[in-house]
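Engineer: Structure in structure tokens, see below.
The values are calculated or read from the model by the stated rules, or taken from the named source; none is laboratory data. This one's a predicted model, so the numbers in the text were calculated from it and none came from an experiment. Counting neighbours? That spans all protein chains shown, and the Cβs are built from the backbone with ideal geometry, glycine included.
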Amino acid sequence: MRRFFGMVLLAVSVPIAMTFLSRVVYQAVGWVEALATGAGAPPTYGAAIANVVVLMAGIVMTMGAALTVAERKWSAMIQNRIGPNRIRVFGQSAGGIFFLAADALKMLTKENIEPSQRSRVLYELAPMAAFAPSFVLFAVVPLGPPVDVIVAGVRHTVALQVANIDAGLLFIFGAASLAVYGTALAGWSSNNKFAILGGVRATSQMISYEVSLGLSLAGSMMAYQSLKLDDMVRAQGQLLWGGLPALGFFLQPVGLLVFFVSAFAETKRAPFDLPEGESEIVGYFVEYPGMKFGMMFLAEFIEVVVLAAITAAIFFGGWHPVFFEQTMREAVGAGSVWWASICAGAFLTKILLLCWLQLVIRWTLPRFRFDQIQKLCWKMRLPVTLGNVFLTAALILVDPSLELLALVGLAEIAAIVVVTAAVRRKAEGTVKPGAHTAAVAVGH
């Protein structure tokens, strides 16, 4: 009962905290935009500089760094362990948050031992090539709707998005595909045969899943008739049959499943961590010490945040609160800063929930074999994605209002739930009573 009330309190407090944080972010972006504009920069440049400083450096980097501790704490909860608690300041562990400073200090001061026969330029370039593509992906994600913020008596239009480009999804595909150069260069330039093998495994896996990753979003492009993430988010605010929001989750459940699995494989985290399975497989960054390893390590958690943000934007309504949206809009005013803060807070809450889901998957499923990973991509995900593209195109051609597409999407969700329940029941029925006990006895 105590844990239940704690979970309820957490579920209520997180959206409220994210709303107040978003209010601060809007004001901070307004202040930075005012400073940049006052220094002579054009208003659009001032807004871009403000969003880079506040969103990219503030929110994305902070979330990525916090996830390094959150994963250790959450894995400890799953495995019934205590987790990181040995570093204390004035007798307080603060939930292990001091490990962030400890990790940074360790990586910055660690002895820098590098291979003597390395390719120096490529060796130094690889960590940046691995980190930068995952980091810049967040630039096209609309964190909140545009709103007017008054700073020092001057009205500034603030939109929590670094770049609202027309080819938003194409930018995501292009930037994400560049990450493969970081893994390939890290393995090859180290002059280590184990690192080369790790780089080849990573390259093969990432290139394979880029195919299904791109095709999985083709249905959403057709449904919302745009490549801009901002247009996709706004389109999900319309209601089907007068009550059902046109979320990508309802219109493209198969696309969501394929996209999430493919993007998860792109992050190279368990159960897709064949390129760098540190428990028994030598990874492509084995020759990288200190902060060079830290950049590659942090890039994985940045990818977790970016994957959560893109998934929330395309399939879960983006900054739309979804629940009680009309009531809250009327209560605080549609064009007010607080309404925009509520929307941005809802988006941040969705990002946190999807990050939590990725941590649960990472610490629940065992590692796949490499042949299973390739089979999952080429023999299962790719045919399903192609079928989804053709079906989506046909349904939109028959009914451009998207109601027929939503009806088929709801049927697909029901079918996925039924099949999953049937497979689980069948798996539980095949386990003989006492089999686990006998296996444990034999193991001992």
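Engineer: Could you please give the count of residues in region 211-247 that are within 23 Å of residue 162 (Cα to Cα) and assigned to a helix (DSSP H, G or I)? Before you say what the answer is, go through the steps one by one.
Structural biologist: To start, the set of residues in region 211-247 that are within 23 Å of residue 162 (Cα to Cα) comprises 214, 217, 220-221, 224-237.
Narrowing the set further to residues that are assigned to a helix (DSSP H, G or I) leaves 214, 220-221, 224, 229-235.
The number of residues fulfilling the criteria is 11.
Engineer: Still on this structure, please answer the following. So which residues in region 345-401 are among the small types (Gly, Ala, Ser) and either under 25 Å from residue 306 (Cα atoms) or under 22 Å from the mean Cα position of the chain (by Cα) (or both), if there are any at all? If you could, list the steps in order and put the result at the bottom.
Structural biologist: Here is the first cut: in region 345-401, the residues among the small types (Gly, Ala, Ser) are 345-346, 387, 393-394, 401.
345, 346, listed by residue number.
Engineer: Additional query: Limited to region 18-36, what total is found for residues that are in contact with a Gly (Cβ under 9 Å, 6 or more places away or on another chain) and touching a residue at least 40 places away in the same chain (Cβ under 8 Å)?
Structural biologist: So the first thing to find is which residues in region 18-36 are in contact with a Gly (Cβ under 9 Å, 6 or more places away or on another chain), and the list is 18-23, 25-26, 28, 32-36.
Now narrow it down to the ones that are touching a residue at least 40 places away in the same chain (Cβ under 8 Å): 18-23, 25-26, 33-34.
So the count comes out to 10.
Engineer: Return the only residue of 157, 203, 183 being more than 17 Å from residue 118 (Cα to Cα), assigned to a helix (DSSP H, G or I) and either hydroxyl-bearing (Ser, Thr, Tyr) or modelled with pLDDT of 90 or more (or both).
Structural biologist: Values: 157 fails: assigned to a helix (DSSP H, G or I); 183 fails: more than 17 Å from residue 118 (Cα to Cα).
None of the others qualify; the one that does is 203.
Engineer: Yes or no: region 79-86 includes at least one residue that is in contact (Cβ under 8 Å) with a residue 60 or more places away in the chain and in a helix (DSSP H, G or I). Talk me through it step by step, then tell me what you get.
Structural biologist: Of region 79-86, the ones in contact (Cβ under 8 Å) with a residue 60 or more places away in the chain are 79.
So of that shortlist, the ones also in a helix (DSSP H, G or I) come out as none.
No, region 79-86 contains no residue that is in contact (Cβ under 8 Å) with a residue 60 or more places away in the chain and in a helix (DSSP H, G or I).
Engineer: Shifting gears a bit: If you go through region 325-340 one residue at a time, do you hit one that is polar (S, T, N, Q), over 23 Å from residue 238 (Cβ atoms) and touching a residue at least 12 places away in the same chain (Cβ under 8 Å)? It would help to see each step written out before you state the result.
Structural biologist: If we filter region 325-340 for residues that are polar (S, T, N, Q), which is where we start, we get 326-327, 336.
Next cut, over 23 Å from residue 238 (Cβ atoms) only: none.
No, every residue in region 325-340 fails to be polar (S, T, N, Q), over 23 Å from residue 238 (Cβ atoms) and touching a residue at least 12 places away in the same chain (Cβ under 8 Å).
Engineer: May I ask you to verify whether residue 56 is part of a helix (DSSP H, G or I) and either aromatic (Phe, Trp, Tyr) or surrounded by fewer than 17 Cβ atoms within 10 Å (Cβ to Cβ) (or both)? If you could, list the steps in order and put the result at the bottom.
Structural biologist: Working: part of a helix (DSSP H, G or I): yes; either aromatic (Phe, Trp, Tyr) or surrounded by fewer than 17 Cβ atoms within 10 Å (Cβ to Cβ) (or both): yes.
So residue 56 fits the description; yes.
Engineer: Another question, then. What number goes with the only condition from (1) part of a helix (DSSP H, G or I); (2) touching a residue at least 60 places away in the same chain (Cβ under 8 Å) that residue 171 does not pass?
Structural biologist: Answer for residue 171: the failing condition is (2).
Engineer: Sort through 373, 351, 361 and tell me the only one that's in a helix (DSSP H, G or I) and modelled with pLDDT of 95 or more.
Structural biologist: On the way: 373 fails: modelled with pLDDT of 95 or more; 361 fails: modelled with pLDDT of 95 or more.
Just a single option satisfies the conditions, and that option is 351.
Engineer: Take the residues of region 59-93 that are closer than 26 Å to residue 347 by Cα and small (Gly, Ala, Ser): which is nearest to the chain's Cα centre (by Cα)?
Structural biologist: Looking at the filtered set, the residue picked out is 64.
Engineer: Please specify each residue of region 59-71 satisfying the condition of being buried (at least 17 other Cβ atoms within 10 Å of the Cβ) and without any contact (Cβ under 8 Å) to a residue 40 or more places away in the chain.
Structural biologist: 69
Engineer: Which of the residues spanning region 39-53 are of a type in the set (A, V, I, L, M) and either assigned to a helix (DSSP H, G or I) or closer than 28 Å to residue 298 by Cα (or both)? Show your work before the answer.
Structural biologist: Going residue by residue through region 39-53, those that are of a type in the set (A, V, I, L, M) are 39, 41, 47-50, 52-53.
If the condition is that a residue be of a type in the set (A, V, I, L, M) and either assigned to a helix (DSSP H, G or I) or closer than 28 Å to residue 298 by Cα (or both), then 47, 48, 49, 50, 52, 53 are the ones that fit.
Engineer: What is the one condition in (1) touching a residue at least 24 places away in the same chain (Cβ under 8 Å); (2) under 23 Å from the mean Cα position of the chain (by Cα); (3) closer than 30 Å to residue 320 by Cβ that residue 241 does not satisfy?
Structural biologist: With respect to (1) touching a residue at least 24 places away in the same chain (Cβ under 8 Å); (2) under 23 Å from the mean Cα position of the chain (by Cα); (3) closer than 30 Å to residue 320 by Cβ, residue 241 is out only on (2).
Engineer: What number of residues within region 140-159 are closer than 20 Å to residue 19 by Cβ and not acidic (Asp, Glu)? It would help to see each step written out before you state the result.
Structural biologist: Our first condition is that a residue be closer than 20 Å to residue 19 by Cβ; within region 140-159, this holds for 141-150, 158-159.
Narrowing further to those that are not acidic (Asp, Glu): 141-147, 149-150, 158-159.
Of the residues in that region, 11 qualify.
Engineer: A further question follows. Identify, please: which residue in region 366-425 is among the acidic types (Asp, Glu) and out of contact with any strand residue (DSSP E or B) (no Cβ under 6 Å at 6 or more places or on another chain) and is, among those, surrounded by the most Cβ atoms within 10 Å (Cβ to Cβ)? Step through it out loud before you land on a result.
Structural biologist: Taking region 366-425 as the starting set, the residues that turn out to be among the acidic types (Asp, Glu) are 371, 399, 403, 412.
Restricting the remaining residues to those that are out of contact with any strand residue (DSSP E or B) (no Cβ under 6 Å at 6 or more places or on another chain) gives 371, 399, 412.
Numbers: 371: 8, 399: 14, 412: 18.
That would be 412.
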